[in-house]
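Report on the structure given below.
Quick note: the coordinates plus some simple rules give every number you see, no bench work behind them. All values reported here derive from a predicted model rather than from experimental measurement. So basically every Cβ, Gly included, is an ideal-geometry build from the backbone, and we count neighbours across all protein chains shown.
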Amino acid sequence: MIELKNVSKTYRTDKVETLALSGIDLHVKKGEFVAMMGPSGCGKSTLLNLIGLLDRPGAGVVAIDGIPIKVYRDKQVAQLRNSTFGFIFQSFHLIPDLRVIDNVELPLLYRSMATGERRAAARAALEQVGLGARMDHFPNQLSGGQQQRVAIARAMVGKPQVLLADEPTGNLDSKMGAEVMEILLTLNRAGTTVVMVTHDEREAKLAGRTVRVFDGQLVA
């Protein structure tokens, strides 16, 4: 489903050139749960951004369903990203001035959907993560675990094929983290592909496969 072939990424400033990834070959199959591990600064988040089409490689090929991304225009890439991927971040990235249900609706604003249809989809997503009673609250009225569940609802509201999670339990205690992992596992069992960056070996063992990144390269 997702394939990276000999992918490299270099970041340049006026004085410094940093090689973030080098020679990455990775194939994520439909329905897989893949954990990515490695030390801080090794390139995990850069790799996740390339998989999710948030960035383009400096060299190599990123392909979705066999089609290289380089054949698409920027607008087409944005549409493909919105329809294919849902994103979950360590810091939640909820908008504090919007109610929970409005935060969850945000990805649907870029689709041709009626207001009532968007609202119904957001309600259903919140019910799925156990927050149906909190939809009119604001993020600062929720615990960290509840905020992350809102972020998961926002990621899944558009029924993406792939969930990309960057340290989704990093800001949570063990109990809240376990709840978030159970939601991700449930979604995966229902057919959603999950790619997750984590530092936690216990969480990685729950995934179907673990890939390790070190100094910008995949290692055995």
Matching residues, the range 69-89, being surrounded by 13 or more Cβ atoms within 10 Å (Cβ to Cβ) and farther than 20 Å from residue 125 by Cβ: 69, 72, 77, 78, 79, 80
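Among the residues of the range 1-16, write down those that are outside any strand (DSSP E or B), of a type outside the set (S, T, N, Q) and farther than 24 Å from residue 63 by Cα.
If the condition is that a residue be outside any strand (DSSP E or B), of a type outside the set (S, T, N, Q) and farther than 24 Å from residue 63 by Cα, then 14, 15, 16 are the ones that fit.
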The range 132-146, residues that are outside any helix (DSSP H, G or I), surrounded by fewer than 18 Cβ atoms within 10 Å (Cβ to Cβ) and not acidic (Asp, Glu): 137, 138, 143
Flag for residue 92 being assigned to a strand (DSSP E or B), under 18 Å from the mean Cα position of the chain (by Cα) and not β-branched (Val, Ile, Thr): no
Every pair of residues 6+ apart whose Cβ atoms lie under 6 Å, when the first sits in the range 73-97 and is under 17 Å from residue 157 (Cβ atoms) and in contact (Cβ under 8 Å) with a residue 24 or more places away in the chain while the second is of a type in the set (D, E, K, R) and part of a strand (DSSP E or B): 89/166
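When the residues of the range 111-131 are narrowed to those that are buried (at least 17 other Cβ atoms within 10 Å of the Cβ) and among the basic types (Lys, Arg), which ends up nearest to residue 151 (Cα to Cα)?
Top of the filtered list is 123.
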Number of the condition not met by residue 161 [criteria: (1) of a type in the set (S, T, N, Q); (2) over 23 Å from residue 28 (Cβ atoms); (3) touching a strand residue (DSSP E or B) at 6+ places or on another chain (Cβ under 7 Å)]: (2)
Pair list, Cβ < 7 Å and 6+ apart or interchain, from the range 194-218 residues that are part of a loop (DSSP other than H, G, I, E, B) to residues that are surrounded by fewer than 16 Cβ atoms within 10 Å (Cβ to Cβ) and among the hydrophobic types (A, V, I, L, M, F, W, C): 216/19
Count of the range 172-188 residues which are out of contact with any strand residue (DSSP E or B) (no Cβ under 9 Å at 6 or more places or on another chain) and farther than 23 Å from residue 133 by Cβ: 1
